[in-house]
Structure formats: structure tokens, C-alpha cells
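Working notes, structure below.
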Amino acid sequence: MRREGSPWAGLRTVYVKELTDHISSVRMLLLAGLIFIIGCTVVYFAIDNIRQTTAEDPFVLLKLFTSGPSVLSLVFILGILLPLMAIALGFDAINGEHNRRTLSRILSQPIYRDALLAGKFLAGLTTLGINLLCLWLIVVGLGIRLLGVPPSGEEIVRCLAFLMITLAYAGAWLAFAMLLSIVCRSAATAVLVGLAAWLFLTLLWPFLAEGFANLIAPADPRYALLGLADPDNIWWVQILRRISPNQLFSEAATTLLAPTTRALGAVYIDQLRGAVLGAPLPLSESLAIAWPQAVSLIAGVIVLFVAGYVAFQRQEVRA
Amino acid sequence: MSAPVIAARGLTKRYGKATVVDGIDFDVAKGEIFGLLGPNGAGKTTTILMMLGLTEVTAGDIRVLDHDPVREPLAVKRRVGYLPDQVGFYDNLTAIDNLAYSAQLMGIPARERGARIDEALARVRLADVGEKRVKTFSRGMRQRLGLAEIVMKNAEIAILDEPTSGLDPQATEEFLAMIEALKHAGVSVLLSSHLLDQVQRVCDRVALFQAGRIVLMGSVAELARQVLGAGFVVEVEADAASDLDARFGAIPGVSAVARVGADRYRLTADRDVRPEAARAVVAANGALRRLSVDDPRLAEIYNRYFQNQSSREEGKRDAA
């Protein structure tokens with residue numbers, strides 16, 4: 001059975017309204033302020049670090065993203081804070097309309113539910129994109145200004161690819177937050193579930209993954225005797241860790257921003273034959289390594305959005 | 001009579017095993033005010049949502065302006081305005097901004113928007129608070145803003161869900177007057193309410209709901225005749241030398257005359273017999289002091305109907 005009319009009727013209207021709401025909301029200002037302050041601080045320390053330790057590096061600009069005080073690099077900070085931003089933007093997307101009793105009034109206008117959901121998602125994604133772009137420009141600008149090294153073309157392309165991956169990562173969390181806003185009638189529940197998932201996936205899961213891997217494929221003691229890690233065990237740890245989008249994001253980001261990264265898993269000796277250790281890979285090779293992670297993140301966005309879409313279409317609008 | 005604007009045949013909605021709307025049939029004619037009345041939870045809102053294609057129909061058929069709301073929801077929603085129960089607006093936006101958002105969703109061209117918003121706000125007497133945030137609005141003002149949205153839409157049918165619940169008596173009166181103005185503008189109105197007596201005045205025809213079924217349908221006077229036996233109760237207060245009982249009893253249409261006080265009579269009739277009653281008093285050389293008619297009250301009709309039914313059932317049980 002085909003529906004009459006375009007599912008996109010009203011999409012632009014919803015998009016513009018939601019974008020205006022986001023950009024002018026206190027919530028967004030707060031989060032953007034937080035991320036900018038932290039970002040600038042981290043970059044400041046990163047520049048300090050680079051000045052002291054790096055004599056010569058063809059990719060000095062990229063180091064701005066990956067180095068900082070101890071482990072606190074910009075990539076790490078983004079990995080932690082972006083989900084928070086995305087949850088803050090999406091947790092009351094649909095249930096907020098429910099609770100304000102605007103949903104049935106809006107849906108009685110000649111639009112499909114598709115337009116409302118897609119408009120809200122795109123507006124959230126644009127808001128995140130604007131914030132990321134600003135942060136990115138600040139970092140690159142500060143870097144050029146303070147380091148005094150003009151970036152090469154490849155550096156810029158790598159940075160832009162990193163920006164895209166970051167956006168996909170943020171999009172996955174946004175789609176998840178919107179799914180919660182559809183499934184949970186109360187906004188408070190949606191926020192709590194979202195934060196719980198965030199804590200679990202970013203903080204607990206890396207350790208749990210190791211535990212599960214040891215159960216599934218216990219490390220062979222013979223490897224331990226030789227002072228080596230069991231490749232089976234390592235493989236499982238990595239696969240399980242990759243369930244967390246945080247892991248996918250940090251792997252992809254590292255590959256793109258540290259051109260010397262040759263592989264993300266265990267490296268076998270025969271893979272290193274003929275390799276010049278410490279030499280940067282060409283851009284295409286780095287992209288090839290980061291590709292599965294990037295695709296997984298984008299697939300995550302799509303799967304979560306579709307789950308939300310199906311749930312929303314089947315939902316009763318009455319309060 | 002022209003073709004009905006809303007026609008339901010055997011309309012049914014089930015949630016799992018619970019049947020919320022159970023095979024109802026009704027027609028709403030063009031230009032009339034039709035009331036879906038009944039207690040909360042009787043299936044009124046569900047019926048309305050099915051008309052708008054906002055919830056799926058389990059069985060049966062519904063046509064709105066000759067469209068099927070399930071297959072062509074946009075065509076229906078373009079021409080039908082809906083005021084939900086306890087309508088909500090975006091509190092941080094002004095009344096005008098809220099309407100502008102809906103106007104864009106309706107697809108009203110940008111150059112017409114301003115004029116139509118102003119006109120709609122003027123019609124519901126909110127023109128002077130158009131620039132105020134909806135946050136500051138009272139319940140009655142929000143309700144009127146919802147009506148402004150329907151006016152702005154130039155809707156052919158206005159569907160109002162519980163439009164007067166939670167309003168104070170004055171706001172209710174104002175709102176009912178606005179509904180009648182809508183009718184005079186040629187809009188067919190379908191309203192649902194659990195406040196039977198409050199809305200009976202404006203409804204041309206009503207359908208009384210009970211547990212997902214329509215138990216009674218027709219104009220209030222028709223229902224009164226059907227259920228109460230007679231529709232009108234006329235009270236006369238007069239003193240006269242001769243006996244008035246017989247004279248009142250002779251008026252055609254009067255089914256019973258009861259003396260309720262020294263000089264007070266209560267006439268039960270199937271129509272408004274005030275003129276004849278007055279004439280009778282004058283003919284008997286009496287002094288007419290008071291003459292009033294009680295409109296049949298819907299709540300009474302509703303309650304009486306169920307009393308009759310339960311006594312009939314008891315009767316059946318006794319017979320068995």
C-alpha cells in the first residue's frame with residue numbers, strides 16, 4: 001500500500017524550527033562553552049608538549065589532536081564529551097512534544113511523522129556539526145598561529161576526514177538519544193538511560209570486554225611463558241571492545257591522525273617484513289585501515305535511526 | 001441533504017483484546033455541530049484519532065470529506081482542523097510564532113501567512129496578545145489559540161476534543177459562542193465532551209457513547225422524546241377561580257399535568273406549549289405569574305436511558 005503525498009512535506013519547516021531552538025537554547029550554550037574551554041585548554045598543553053618534545057615532524061598539526069597533558073588528548077576528550085552533547089540534544093526530542101501536548105497538534109497538520117523525526121534528527125546533527133566545525137577551526141587556527149607551521153594539504157585532508165568520523169560518532173549517539181526519547185515517555189528516564197549507556201560503554205565496557213574475552217578464549221599459558229600475548233585472546237578483546245562506539249571512534253581517529261599507525265589489531269612479524277618502522281603511511285592506506293570503523297559508525301547511525309523510526313511510526317499519539 | 005462530510009460504518013478499534021471502539025456508525029452532515037458525548041474512556045478520542053489517520057482502524061470504514069484517512073492522511077489533514085484535548089503550544093514562542101510554525105506546516109504561502117494569522121487571532125480575540133509568549137497564557141487562551149489555528153487553516157471540518165473541560169464558566173460561554181460562529185462560517189464541527197449539559201446547547205445532533213458504542217443518536221429533543229417520553233416540561237404559576245388542570249390537559253401534545261404547589265402546575269409535553277398554556281390561563285380569567293420551560297437535560301436523558309435499560313434487564317431476568 002503506497003502512501004499518498006511526499007513524506008518530506010514539512011521537513012524543512014521542522015528542521016529550521018528545531019535548529020533555531022537548539023542554537024538559542026541555554027543547554028546548548030552551556031555544552032558548547034564546556035567543550036570549547038576544554039578543547040582550548042587541551043590544545044594549549046598539546047602545543048606546549050609539541051614544542052618541547054618534537055624537533056621535526058611532517059604532521060605536526062595532527063599532533064594537536066592526539067597529544068595533550070598525559071592521556072587527555074583532544075580525541076579522548078571528544079570521545080567522552082560528544083555523547084553527552086548528543087544525549088543532551090536528543091533525549092527529549094519526541095517525549096518532550098508528548099509532554100508539552102504539542103505532538104498530536106503538530107501531527108494533525110498535513111505532514112507525515114517521517115518529516116518530524118527526520119527534521120529533528122537533521123537539526124540535531126547540524127547543531128553538533130556547527131559546534132565541531134567551530135572547535136576544529138579554533139584548534140587548527142591556534143595551531144597554525146602558535147606553532148607557526150603552515151599545514152600541508154595532506155594534513156588538512158586528514159583533519160577533515162577526522163571531522164567526518166567525529167560527526168558520524170556524534171550522530172550515532174544522537175540517534176540513540178532520539179530512540180530513547182521515543183521509547184521512554186518521561187524525559188528524565190530517557191536521560192538516565194542515556195547516561196547509563198554512556199558510562200557503561202565508555203568507562204566500563206573496555207574492562208568487561210577483557211573479562212569476557214578471557215572467558216571465551218583464555219590466554220594460552222604457553223604464550224605467557226614466552227612473554228607473548230595469545231593472538232586469539234587479543235582478537236576477542238578487540239572485537240568485543242569494538243561494540244562500544246567509543247572504541248571505533250578512537251581507533252579511526254588514531255589511524256587518521258597518527259599516520260604511522262599500520263594496523264589496529266595484533267601485528268604479526270610477517271606483516272612487518274619490508275616495512276620501515278615509524279614511517280608514515282600514505283593517506284589512502286590510512287583511510288583503508290580506518291574504513292571499517294567509519295562504516296560501522298555510519299551503520300550504527302542508520303540502524304539506531306531506523307529503530308527509532310519504526311518505534312515512532314507504531315506509537316500512539318494520544319497522551 | 002448533501003453527502004455527509006464524515007461517515008463511519010462499523011468503525012472498530014481494538015488494543016490487543018480490549019475493544020475501545022466497537023462497531024460504531026454515524027454521519028456528520030455539512031454545516032452541523034455534531035457532539036460525541038459520553039464519559040471519559042468511552043472511546044471518543046480514539047474515534048477522533050481514527051478520523052485523522054493518527055491511529056489505525058482495526059475494522060470498519062471511515063470516510064472524511066470522501067477521503068480515506070488511513071490511505072490519504074495528508075488530503076484529510078489539509079482540510080480538517082483538530083484541537084486536541086488540553087492542547088499544547090511551544091511555551092517559549094509567542095502566539096504568532098506558534099501559529100507561523102503551523103502555517104508553514106500547512107503549506108500556507110509566506111505572503112499570505114501574516115494576514116491570515118492576524119485575522120485568525122482577531123477572530124478568537126487574541127489579537128492584542130499575539131506578541132506575548134504562550135507561557136503566560138491561561139487555559140482558556142490556549143484553547144482559543146488552538147481554535148485560531150483551525151480558523152487560519154480555513155478548515156472545512158473542525159474536530160474539537162473536550163474543548164470546554166477545565167474552563168471557567170465565562171470562558172466556556174465564550175468558547176461555545178466561538179464554536180457557533182465557526183458553524184455560521186460554514187464549518188462542520190465535531191466535538192467530543194464528557195460535560196453533557198455544557199455542550200448540549202450548541203450541538204445540532206449528538207451521539208451518546210457508552211463503553212465504545214453509540215447508544216443514542218439524534219437531536220436533543222428527539223432523544224428526550226425517545227427516552228423521557230416527552231421532551232418539554234413547562235411550569236406554570238397562576239391563580240384562577242376555575243380549575244386549570246382540565247384546561248391544561250386539553251392542550252394538544254400535553255401528556256401529563258401535575259400540581260406541584262398551591263398555584264403551580266407542571267406540564268409534560270412533546271413540544272414547547274407555553275403559548276397555549278398562557279392562553280388557557282387567560283381564558284380562565286386567571287393571573288399568570290410565571291411561565292417557564294425546562295429544556296430536557298442531556299445528562300438526565302443519559303442517566304434515564306441506563307436506568308431504563310437496567311430495569312428492562314432485570315425484568316427479563318425476572319421473566320426468565
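The values are calculated or read from the model by the stated rules, or taken from the named source; none is laboratory data. Quick caveat, the model's predicted, so the values are computed rather than measured. For neighbour counting, all protein chains shown are included, and Cβ atoms are generated from backbone atoms with ideal geometry for every residue, glycine included.
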Are any of the residues in region B:257-275 assigned to a helix (DSSP H, G or I), crowded, with 17+ Cβ neighbours inside 10 Å, touching a helix residue (DSSP H, G or I) at 6+ places or on another chain (Cβ under 7 Å) and at pLDDT 80 or above?
-> no
Positions within region B:279-299 being touching a strand residue (DSSP E or B) at 6+ places or on another chain (Cβ under 6 Å) and more than 30 Å from B:GLN210 (Cα to Cα), in sequence order = B:VAL281, B:GLY286, B:ALA287, B:LEU288, B:ARG289, B:ARG290, B:LEU291, B:SER292
Within the group B:LEU244, B:LEU291, B:LEU228, which residue is surrounded by 12 or more Cβ atoms within 10 Å (Cβ to Cβ), within 29 Å of B:ARG205 (Cβ to Cβ) and at pLDDT below 80?
-> B:LEU228
Those residues of region A:1-52 which are surrounded by fewer than 17 Cβ atoms within 10 Å (Cβ to Cβ), within 15 Å of A:LEU135 (Cα to Cα) and either within 14 Å of chain B (Cβ to nearest Cβ) or of a type in the set (Phe, Trp, Tyr) (or both) amount to A:PHE36, A:TYR44
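Matching residues to (1) in contact (Cβ under 8 Å) with a residue 12 or more places away in the chain; (2) within 13 Å of another protein chain (Cβ to nearest Cβ); (3) assigned to a loop (DSSP other than H, G, I, E, B); (4) out of contact with any Gly (no Cβ under 6 Å at 6 or more places or on another chain):
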site	(1), (2), (3), (4)
B:THR12	yes, no, no, no
B:GLY23	yes, no, no, no
B:LYS30	yes, no, yes, yes
B:LEU36	yes, no, no, yes
B:GLY41	no, yes, yes, yes
B:THR45	yes, yes, no, yes
B:MET50	yes, yes, no, yes
B:THR55	yes, yes, yes, yes
If a residue has to be closer than 25 Å to B:ASN92 by Cβ, more than 14 Å from chain B (Cβ to nearest Cβ) and not β-branched (Val, Ile, Thr) to count, how many in region A:63-110 make the cut?
-> 7
Could you tell me whether any residue of region A:81-96 is touching a residue at least 60 places away in the same chain (Cβ under 8 Å) and within 17 Å of A:CYS40 (Cβ to Cβ)?
-> yes
Give me a count of the residues in region A:137-162 that are surrounded by 16 or more Cβ atoms within 10 Å (Cβ to Cβ) and under 22 Å from the mean Cα position of the chain (by Cα).
-> 7
So which residues in region B:104-133 are in contact (Cβ under 8 Å) with a residue 24 or more places away in the chain, surrounded by 15 or more Cβ atoms within 10 Å (Cβ to Cβ) and either away from chain A (no Cβ under 14 Å) or more than 22 Å from A:VAL16 (Cβ to Cβ) (or both), if there are any at all?
-> B:ARG116, B:ILE117, B:ALA120, B:LEU121, B:ARG123, B:VAL124, B:LEU126, B:VAL129, B:GLY130
Filter region A:76-86 for residues that are surrounded by 24 or more Cβ atoms within 10 Å (Cβ to Cβ) and either more than 12 Å from the chain's Cα centre (by Cα) or among the hydrophobic types (A, V, I, L, M, F, W, C) (or both) and give the result.
-> A:LEU78, A:LEU82, A:MET85, A:ALA86
Name the helices (runs of 4 or more DSSP H) wholly within region A:12-108 that hold at least 3 residues that are among the hydrophobic types (A, V, I, L, M, F, W, C)?
-> A:26-53, A:60-66, A:74-90, A:103-107
Residue pairs within 7 Å by beta carbon, gap of at least six or interchain, first lying in region B:65-82 and more than 7 Å from chain A (Cβ to nearest Cβ) and over 18 Å from A:PRO7 (Cβ atoms), second buried (at least 19 other Cβ atoms within 10 Å of the Cβ) and of a type outside the set (A, V, I, L, M), listed first then second, are B:GLY81/B:GLU149; B:GLY81/B:LYS153
Residue that is farthest from B:LYS132 (Cα to Cα) [pool: residues in region B:83-100 that are crowded, with 20+ Cβ neighbours inside 10 Å and facing chain A (nearest Cβ under 7 Å)] = B:PRO84
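Yes or no, residue by residue, for (1) among the hydrophobic types (A, V, I, L, M, F, W, C); (2) assigned to a helix (DSSP H, G or I); (3) over 18 Å from A:PHE312 (Cβ atoms):
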residue: A:VAL157; (1), (2), (3): yes, yes, yes
residue: A:GLY171; (1), (2), (3): no, yes, no
residue: A:ARG185; (1), (2), (3): no, no, no
residue: A:THR189; (1), (2), (3): no, yes, no
residue: A:VAL193; (1), (2), (3): yes, yes, no
Got a number for residues in region B:57-75 being over 15 Å from B:THR19 (Cβ atoms) and touching a Gly at 6+ places or on another chain (Cβ under 6 Å)?
-> 4
Go through region A:97-131 and give me each residue that's surrounded by fewer than 20 Cβ atoms within 10 Å (Cβ to Cβ) and within 17 Å of the chain's Cα centre (by Cα).
-> A:LEU122, A:THR126, A:GLY129, A:ILE130
Only one of these conditions is not met by B:GLY166: (1) buried (at least 16 other Cβ atoms within 10 Å of the Cβ); (2) in contact with a helix residue (DSSP H, G or I) (Cβ under 6 Å, 6 or more places away or on another chain); (3) within 14 Å of chain A (Cβ to nearest Cβ). Which number is it?
-> (1)
For region B:202-214, does any single residue satisfy the condition of being in contact with a Leu (Cβ under 8 Å, 6 or more places away or on another chain) and more than 23 Å from B:LEU49 (Cα to Cα)?
-> no
Name the one entry in A:GLN109, A:GLN52 that is touching a residue at least 60 places away in the same chain (Cβ under 8 Å) and not hydrophobic (A, V, I, L, M, F, W, C).
-> A:GLN109
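Would you mind listing the helices (runs of 4 or more DSSP H) fully within region A:204-281 where at least 3 residues are buried (at least 18 other Cβ atoms within 10 Å of the Cβ) and modelled with pLDDT of 80 or more?
Output list reads A:205-216, A:231-241, A:245-257.
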